[in-house]
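Structure first, then comments.
The values are calculated or read from the model by the stated rules, or taken from the named source; none is laboratory data. Just so we're clear, the structure is a prediction, and the values are computed from it rather than from any experiment. Backbone-built Cβ (ideal geometry, glycine too); neighbour counts: all protein chains shown. Only protein heavy atoms, including side chains, enter the accessible area calculation; ligands, DNA and RNA are left aside. Shrake-Rupley method; radii C 1.70, N 1.55, O 1.52, S 1.80 Å.
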Amino acid sequence: MKTTDELIDDLLTLAFAEDLGDGDHTTLSTIPADAMGKSRLIIKEDGILAGVDIARKVLAKVDPSIRMEVFIEDGAEVKKGDIAFEAEGPIRSLLIAERTMLNIMQRMSGVATMTRRYQDELKGLHTRVLDTRKTTPGMRMLEKEAVKIGGGTNHRIGLFDMILIKDNHIDFAGGLEKAIDRANDYCKANGKDLRIEVEVRSLDDIRRVMEHGGVDRVMFDNFTPELTREAVKMVDGKYETESSGGITLENLRQYGETGVDFISVGALTHSVKGLDMSFKSVI
């Protein structure tokens, strides 16, 4: 299995392959090969900054000779007009790196900003906001990192690092108890130390899980806040609890006040607006 750094490098390779083709002919035709210059990352919208570390990787991949001076680090609140960093080196390299770097940073900063808004809505409660697998293909590691930068918590990274038994698994396996047993048997047979979470659709499902056992977390799928409060009482701290489905910024606090441990929110990554910024030359 590839490491996070390897996956990010693969992403950058693909990003430059689709952007550069056989060359940046505008830059090659207008900028001398030996021309040196400086550009700065200017914030054009208030939010949470994310992607500075990735910007370093982008610039280094294009040209290791580029020097970068950072003024604002990941996770900081930024306002319109702030300068996050400056980069100095061959102008051709700065221009080639510009769009790929901005695409990534704008997306990550948008995710971090959205996550901060959700987590701030839960101030004073122990409930944590979780991300999901509803991510941009190829950018999952960066979007998951942006969630952490914004103050949220990562759920599973992919299908490989946790067992999440959802409604389709339960239906195809022939029932709740069978699905849980098969998951535990699989882990034992294959030497896997994986946490097991099960999705429930009713209070009766919770009762069955409590009687059967064999899980680490129970996910309440599409429960109302009132039902969630009852569900949390039924679990009574024996397992971790998670709410999912139909949860928005407007009703998030209601769910958090039920005492649930986690709330998973697909909107952190699947429908986020990028944070506006630009990479401008310093003349």
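Here's how it looks for G245: its modeled amide H is under 5 Å from those of N222, which are all 5 or more places away or on a different chain. With helices as the sole contributors, the chain gives -13500 deg cm²/dmol at 222 nm; each DSSP H run of n ≥ 4 counts as -39500 (n - 2.57), and the sum is divided by every residue. Within the range 107-146, the trypsin sites (Lys or Arg not before Pro) that combine a DSSP coil assignment with at most 12 other C-beta atoms in a 10 angstrom radius are K123. Taken per residue, the accessible surface of the range 176-226 reaches 53 Å², heavy atoms only and a 1.4 Å probe. One chain, two ends: D167 and H25. Fully extended at 0.36 nm per residue, the span grows by 45.9 nm beyond their Cα-Cα distance. Working from Cα pairs under 8 Å separated by at least six residues, relative contact order for the chain is 23 percent. In this structure, the pairs whose alpha-carbon distance is over 32 Å, taken from K79/K166; K166/K188; K44/K144, are K79/K166. Over the range 1-56, what percent of the accessible surface lies on carbon and sulfur atoms, probe 1.4 Å? Looking at the range 1-56 in its full context, I get 54 percent from C and S.
For F85, nonlocal amide neighbours, meaning residues 5 or more places apart or on other chains whose placed amide H falls under 5 Å from its own, are L41, F71.
Each residue, E211 and M68, gets one label point 7 Å from its Cα in the Cβ direction; the gap between the two is 5.7 nm.
Quick one: accessible area per residue over the range 29-143, 1.4 Å probe, rounded to a whole number of Å²? In whole numbers, the range 29-143 has 46 Å² accessible per residue. Restricting the range 194-283 to GluC sites (Glu not before Pro) that sit in a DSSP loop and have at most 15 other Cβ atoms within 10 Å of their own Cβ leaves E250, E257.
Accessible surface ranking for M141, M101, 1.4 angstrom probe, highest first: M141, M101.
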